[in-house]
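*Asks:* Sharing a structure here in structure tokens format.
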Amino acid sequence: MAVPRGLTVLVVAGSLVLAGCTGGGQDRTPGAVGPSSAPSPSAPAALQADVQAPAGTSVVAGTTVAGLANAVAASLFRRAPVAVVVSSTADAEVGPAAATATRLGVPVLVDGDGGNLAGRLAALGTTTVLRVRAPTVRAPTVRAPTGQTSPVLPSPARTSSARSSGGPGSDGYPGVTVVDSADQLPVTAAPSSPLVSTTVLVRTGDAATDPAVAAGAVVTATAKAAGARVVDVVADDPRSDTAAISALQQAPQGPLLAVGAGFGTSEVLTHRVAVARTGVQLPGGGQTVFPGRALVALYGYPGSSSLGVLGEQGPSASVARAQRVAAPYAALYDVPVVPTFEIIATVASGSPGADGDYSNEAGVATLQPLVDAATAAGMYVVLDLQPGRADLVTQAQRYASLLARPNVGLALDPEWALGPDQVPLQQIGSVTAQRVNAVVTWLSDLTAAANLPQKLLVLHQFRLSMITDEAALDTTDDDVTLLIHADGQGGRSQKEATWHAIVRAAPAGIHFGWKNFYDEDPQIASPADTVRRHPVPLMVSYQ
């Protein structure tokens, strides 16, 4: 029922009289609090934006700065009676716009291609826009021939004024009042329930090639105005960014919004963020194996000098030796160089053994001292399988407890993979891409289930026949990255030919490694000679 007009007047008037009667005895000294300092009943109520948290993890995609920036505003704000608008991402515009928007708790939108600004303003219920433009640069004065200063006449100065665009007006915002100064905005209050549990991922990098990067400052202002936490990410995969990992670990476990199609689908990003939030990083930093590091490894079997240099000394001495071997490479890479153990976990055997698979499987207890020593020293570890007739996944499963460690990866040695009627040393073995992909799937499931950093799977190869149907290798798994290791021995020209053949045959998405043999190579390559090839090997082993 409507309140009678007379009653309203009486109530208001009564309030005024009451205020007048009770205020006479109040302290009027400066700073005193009393009815005289209360706002007038006729003062307009403050306009206030209404924010909304995104559902779960979501990605804002777009191909233009305006499209991305305005979509983020629509994602974080349900209603915004006041908004700030810029027409470029120049600091001269975005800086003042961001300062005003974050102070008032209102979004920043961009008037540009693909932004649908009029539609966004209408959807947000915006009634007043602060239009921020880069200041006009006055022309310099010039010296007249007479020696007097004569100004170059500037363009007429634009005065700040409010104007209503009830139809398509000078700014083209139907039904919106446009002002040029924050002083002309109506009284505005920050959102009452800021999005303190929401995180927004913003890409940094080359703004000239990535619209998501170019939109970063505008998006950051809008996110902060909504009360959200902003995390800058240097790459589309937050797992590869050590600073982002730390920031996400500290961020609240709430909704997350990523700006830019490069972040992938919401499902992919959800998993990557879950890994990042564990804070567990690989030796050398980050949670993706490459290109964030280079591995320099000693290869062998614990306690056996005949199977590689890793068995020539105990765990502590092996750590020290690996560090010495890796040290010269530090100046040759622009990423951290990580000393590594490649430990033979299953050894091809000339006899079938009790299980008939021509492979002797070391127990976890045999390998653990080396793994523990490497882990304590901040090193990476690769467990190598020489499977004989055994199933690759079955052998890998024996070492699940070690592979569950963040710094432990896996290697497959097809040279020692036998068919049902084959025996070692009678032929060079091989594996199919299908068998390798089965290992990728198992290792990926193990990694994803525990939100572990990405795993490395090494494939040794010195003949193309060792990996059949190589083009079918799964190089797209998000939790496992593949590296083909050029495992040949011999003279320099022979090893070079093997390298080039392997690189040419590999599918896209494969990384490469190189092995130096202390005894079998007539002239072992120096570190500089080892890394000079293209592509640069990301894993170098010594046997």
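Read-outs throughout are calculated quantities, based only on the coordinates presented, and are distinct from any laboratory measurement. Quick caveat, the model's predicted, so the values are computed rather than measured. Note that we place each Cβ from the backbone using ideal geometry, even for glycine, and neighbour counts take in every protein chain shown.
*Asks:* Angle check, please: helix 91-104 long axis (alpha carbons) against the longest principal axis of the chain (alpha carbons), in degrees 0 to 90, nearest 10.
*Replies:* The two axes meet at around 70 degrees.
*Asks:* Starting from the amide H of residue 412, placed 1.01 Å from N in the peptide plane, find each other amide H under 5 Å away whose residue is 5 or more places distant or on another chain.
*Replies:* Placed amide hydrogens put 385, 458, 459, 460 under 5 Å from residue 412.
*Asks:* If I model a spin label at residue 422 and residue 529 as a point 7 Å from the Cα along the Cα→Cβ vector, what separation in nanometres do I get?
*Replies:* 3.2 nm
*Asks:* Once both axes come from the Cα atoms, what is the angle between helix 5-22 and the longest principal axis of the chain, in degrees from 0 to 90, rounded to 10?
*Replies:* Its long axis makes an angle of about 90 degrees.
*Asks:* What base-10 log of the normalised intensity I(q)/I(0) is obtained for segment 294-542 from the Debye formula, alpha carbons as equal point scatterers, at q = 0.07, 0.11, 0.17 Å⁻¹?
*Replies:* For segment 294-542 at q = 0.07, 0.11, 0.17 Å⁻¹, log10 I(q)/I(0) is -0.21, -0.53, -1.45.
*Asks:* Just add up the charged neighbours of residue 278: K/R +1, D/E -1, any other residue whose Cβ is under 12 Å from the Cβ of residue 278.
*Replies:* Residues near residue 278 contribute +3 overall.
*Asks:* So which chymotrypsin sites (Phe, Trp or Tyr not before Pro) in segment 353-429 are both in a DSSP loop and have at most 11 other Cβ atoms within 10 Å of their Cβ?
*Replies:* Counting only loop positions with at most 11 other Cβ atoms within 10 Å, none of the chymotrypsin sites (Phe, Trp or Tyr not before Pro) in segment 353-429 qualifies.
*Asks:* May I pose another question? Pop out the ³J(HN,Hα) list for segment 523-535 in order, Karplus 6.51 cos²θ - 1.76 cosθ + 1.60 with θ = phi - 60°, rounded to Hz; leave Gly and Pro as x.
*Replies:* 9, 5, 5, 6, x, 5, 5, 5, 8, 6, 6, 10, x
*Asks:* Taking only the alpha-carbon positions of segment 252-379 and ignoring solvent, what does the Debye formula give for the base-10 log of I(q)/I(0) at q = 0.11, 0.15, 0.18, 0.21 Å⁻¹?
*Replies:* -0.58, -0.85, -0.99, -1.14
*Asks:* Related question: Mind pulling the angle between the C-alpha long axis of helix 266-278 and the longest principal axis of the chain? Nearest 10 degrees, somewhere in 0 to 90.
*Replies:* Compared with the principal axis, the helix lies near 80 degrees.
*Asks:* Counting DSSP beta bridges with both partners in segment 294-542, what percentage is antiparallel, nearest 5?
*Replies:* If we restrict to bridges inside segment 294-542, about 10 percent are antiparallel.
*Asks:* Around residue 200, which amide H atoms from residues at least 5 apart in sequence, or from another chain, sit under 5 Å from its own amide H, with H modelled in the peptide plane?
*Replies:* 229, 230, 231, 257
*Asks:* Another question, if that's okay. Please go through segment 439-543 and write out the trypsin sites (Lys or Arg not before Pro) that DSSP classes as loop and that have at most 12 other C-beta atoms within 10 Å.
*Replies:* 532
*Asks:* A further question follows. Just for the chain, what percent of DSSP beta bridges are antiparallel, to the closest 5?
*Replies:* Bridges in the chain are about 15 percent antiparallel.
*Asks:* Figure the gain on full extension for residue 207 and residue 91 (residue separation times 0.36 nm, minus the Cα-Cα span) and round it to one decimal in nm.
*Replies:* Difference between extended and current length: 40.5 nm.
*Asks:* Please list 3J(HN,Hα) in residue order for segment 325-333, calculated via the Karplus relation 6.51 cos²θ - 1.76 cosθ + 1.60 where θ = phi - 60°; whole Hz, with x for glycine and proline.
*Replies:* Taking θ as phi minus 60°, the curve returns 5, 6, 3, x, 7, 4, 7, 9, 10 Hz for segment 325-333.
*Asks:* Taking 51 Å as R0, compute the FRET efficiency from the Cβ-Cβ separation of residue 122 and residue 471 and round it to 0.05.
*Replies:* Approximately 0.50, to the nearest 0.05.
*Asks:* If you plug each phi of segment 390-405 into the Karplus form 6.51 cos²θ - 1.76 cosθ + 1.60 with θ = phi - 60°, what whole-Hz ³J(HN,Hα) values come out, in order, with x for Gly and Pro?
*Replies:* 6, 6, 4, 5, 4, 5, 4, 4, 4, 10, 4, 5, 7, 5, 6, 7
*Asks:* For residue 434 and residue 331, compute 0.36 nm times the residue count separating them, minus their Cα-Cα distance, and round to one decimal in nm.
*Replies:* Here the answer is 33.2 nm.
*Asks:* Using only the alpha carbons of segment 462-543, what is the convex hull's orientation-averaged projected area in square nanometres?
*Replies:* 5.5 nm²
*Asks:* Taking amide H atoms as placed 1.01 Å from N in the peptide plane, list the residues 5 or more away in sequence, or in a different chain, whose amide H sits under 5 Å from that of residue 338.
*Replies:* 294, 295, 296
*Asks:* Taking every pair of alpha-carbon atoms in the chain, give the share separated by more than 41 Å as a whole percent.
*Replies:* 45 percent
*Asks:* Another question about this same structure. Could you list, bin by bin from short to long, the percent of Cα-Cα pairs of segment 432-500 in 10 Å steps?
*Replies:* Values per bin, smallest distances first: 20, 43, 26, 10, 1.
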